[in-house]
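What follows is a single structure, written as structure tokens, with notes after it.
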Amino acid sequence: MDKSIGATPKSNGSTSTKTFENRELVLVSNREPYVHEYDDGEIQVVKPEGGLTSALDPMMASTGGTWVAWGSGDADDEASDGNGCVRVPPESQSYELKRVFLTDEQVTNYYYGYSNKVLWPLCHSDTAKMETSAQFWRHYRETNRQFAEAIREQGDPSNAVIWFQDYHFALAPRYVREASPDAFCMQFWHIPWPSWDVFQSCPQYEELLDGLLANDLLGFHLDQYCQNFLDCVSHALDAEVDRENGRIRYDGRTIRVAAFPLSIDAEERTALARSAEADEQWDSLRESYPLPEDGQLVVGVDRLDYTKGIEQRLDALEHLWEWYPEHREQLTYVQKASESRSRIEEYQQVQTNVKQKIARINDRFGTEDWQPIVYVDDYLPLSALAALYREADVCLVSSLRDGMNLVAKEYVASQVDEPGVLVLSELVGAHEELGESALTVHPNDTEAFAATIQRALAMEPSERSSRMATMRRQVEANDIDAWKRNVLRQANEILEREDEAATA
Ligand code: F6P
């Protein structure tokens, strides 16, 4: 099997490259793209709902290589070989999934602890929610080391392009480089990067930056996050920082920092929204939930996370039904919610608050024939989600802080019938690409938020069409494939320069 990334285009448009030939792509993420679980004694494969894994799995399926991730399923061990490896996707088996098995203590301290009680609130600039502990940090370091070892077990890092994903692995690039100084490492940070004054509140800021600077290429969604990162480096480390060109000289090496806004497989989402499967799913959703026969449908799709602004959105809807009573018995809001990180108190609190608010609003405005808010926390297949997006007149994205937010893009790609309106918080990364054609809200300005929903619901079809057409062009042109091409092209340029320097 050819494991190289050889087909990556060069910046000059030619199709083959010297530098990527013979290098295997090794993708590293915390969450795995396929989880094996026992169901009534039988082993089942489940695809987690997360944005990262669903965005990168099609890419890995076409590129091939190895995906190293935490083996979190109770049947993962049994379904893998002696090295923790299994070929996936199950239907086409085009790449290797190598599982790293973690103890309960590691999961508590590395995943729930340092990753999600320190780095997550820190990077979302919510430092009051940070909970620091020596245990968290110790396990984060050790687990990063374990992942670095798992990468080495798969093959010589010097012959690979190692692509770390996200905030779970700020130190692993350094551990890989310590053992293999000429490895090519890159990392994409899927969440925001905060300003220096916020980042400084983390006691390990120096080690985190040092770890990340063991990469050759570091990617963020937005230029703003790149600038924040460069600023943090110039404050915390003895490094030369070239803000204009996104370059850092540190420890005798050059690190490139660049923005690559993550996206979705727009074509697949559009095809799904047009599919007969989506029609069937829509019928079954209508049988299972009190969805309106007539009237307008508004949708929100979120992980139950305090950064998503779900409570603020519910406040705006309540205000709308209170001050614009013509929407009572006319507008139904569907909240699709996925449980997330439930062992963390703040997440339990969001779940409770959201449910309580919904119950109160339904109680206040609901009638015998109409339930204002329909809460869906069951797993929905992608085709059902596509149907929900397709049928929704308005989609509400109201995060308080969000690196990108792929829901906004999924909604746009699924608008294959009469176009709806995207109402988008100005605090999400996707606002940079879609903000001109979406209706912008500030999630904390309840009255203005409600008035914007009102405007969206009343928008003329011609205006909806032209706004949606612009957003669709944007999402189609800048899809997941373009993202992958841009990242790999940039990586390839760096590799070529390194080759040239080595042979000069
Ligand atoms: O948005 C950041 C992120 O890590 C995504 O990459 C991922 O899909 C999502 O959060 C879910 O997180 P978790 O893996 O903790 O469920």
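The values are calculated or read from the model by the stated rules, or taken from the named source; none is laboratory data. On a predicted model such as this, the values are computed, not experimentally measured, just so you know. Cβ placement follows ideal geometry from the backbone for every residue including glycine, while neighbour counts extend to all protein chains displayed. Heavy atoms of the whole protein, side chains included, go into the accessibility calculation; ligands, DNA and RNA do not. Shrake-Rupley method; radii C 1.70, N 1.55, O 1.52, S 1.80 Å.
Under a model in which nothing but the beta-carbon of Lys, Arg (+1) and Asp, Glu (-1) is charged, the chain shows a dipole of about 1240 debye around its Cα centre. Extension gain for Ser133 to Glu37 (0.36 nm times residue separation, less C-alpha to C-alpha distance): 31.4 nm.
From most to least packed by mean Cβ count within 10 Å, the peptides 91-97, 391-397, 330-336 give 391-397, 330-336, 91-97.
Helix 51-63 and the longest principal axis of the Cα set of the chain meet at an angle near 50°.
Other residues with beta-carbon under 9 Å from the beta-carbon of Asp210 carry, at +1 per Lys or Arg and -1 per Asp or Glu, a net charge of -2. Selection among Pro90, Leu488, Gly429 by position relative to the dipole of the chain gives Leu488 as farthest towards the positive end (Cβ unit charges, Cα centre). In the stretch 266-478, a dipole from Cβ-located charges (positive for Lys and Arg, negative for Asp and Glu) runs towards its positive end, and of Val397, Val299, Gln335 it is Val397 whose Cα lies farthest in that direction.
Sorting 26-37, 354-365 by average packing, meaning the other beta carbons within 10 Å per residue, from highest down gives 26-37, 354-365.
Per residue of the chain, the DSSP helices (runs of n ≥ 4 H) give a summed -39500 (n - 2.57) that works out to -13000 deg cm²/dmol at 222 nm. Sequentially through the stretch 311-323, phi angles give Karplus couplings (6.51, -1.76, 1.60; θ = phi - 60°) of 5, 4, 5, 5, 4, 5, 5, 4, 4, 4, 5, 6, 8 Hz, Gly and Pro residues having no value and appearing as x. Karplus-derived 3J(HN,Hα) values for the stretch 421-433, using 6.51 cos²θ - 1.76 cosθ + 1.60 with θ = phi - 60°, are 10, 9, 9, 10, 5, 6, 9, 10, x, 4, 5, 5, 8 Hz; glycine and proline are entered as x.
Ranking Gln154, Gly252, Gln351 by Cα position along the charge dipole of the chain, where only Lys, Arg, Asp and Glu carry charges on their C-beta atoms, puts Gly252 farthest toward the positive end. With a 1.4 Å probe rolled over the protein heavy atoms of all chains, the accessible area of Arg485, Arg341 falls in the order Arg485, Arg341, largest first. The H on the amide N of Val161, modeled in the peptide plane, is under 5 Å from the matching H of Glu24, Leu25, Val26, each at least 5 residues off or on a different chain. If you model the chain as an ellipsoid using its alpha carbon gyration tensor, with each semi-axis the square root of five times an eigenvalue, the axes come out at 39, 24, 24 Å, biggest first.
So if the hydrodynamic radius of the stretch 190-262 is defined as the Kirkwood radius over C-alpha pairs, what does Stokes-Einstein give as its diffusion coefficient at 4 °C and 1.567 mPa s, in µm² per second? In µm²/s, the coefficient rounds to 107.
Of the two radii for the stretch 266-478, the radius of gyration is 0.93 times the Kirkwood radius, both from the alpha carbons; that is the Rg over Rh value. Spatial offset of the stretch 344-421 relative to the stretch 290-309 amounts to 2 Å, using the alpha carbon center of each. Amide H contacts of Asn444 (H built 1.01 Å from N, in plane; Pro and chain starts excluded): no residue 5 or more places away or on another chain comes under 5 Å.
Taking only the alpha carbons of the stretch 72-200, we obtain Rg and Dmax values of 16.1, 48 Å in that order.
Near Cys232, once Lys and Arg are set to +1 and Asp and Glu to -1 for all other residues with Cβ below 11 Å from its Cβ, the sum equals -3. If you sort Glu498, Glu24 by accessible surface, 1.4 Å probe, largest first, the order is Glu498, Glu24. Rounded to the nearest Hz, the phi-derived 3J(HN,Hα) couplings of the stretch 456-469 under the Karplus curve 6.51 cos²θ - 1.76 cosθ + 1.60 (θ = phi - 60°) are 4, 5, 9, 5, 5, x, 5, 5, 4, 4, 6, 5, 5, 4, where x marks glycine and proline. Rolling a 1.4 Å probe over the protein heavy atoms gives the chain an accessible area of 41 Å² per residue. With each label modelled as a point 7 angstrom along the Cα→C-beta vector, the Arg87-Glu463 pair spans 5.6 nm. Contact order, relative form, for the stretch 266-478: 26 percent (alpha carbon pairs under 8 Å, 6 or more residues apart, mean separation divided by residue count).
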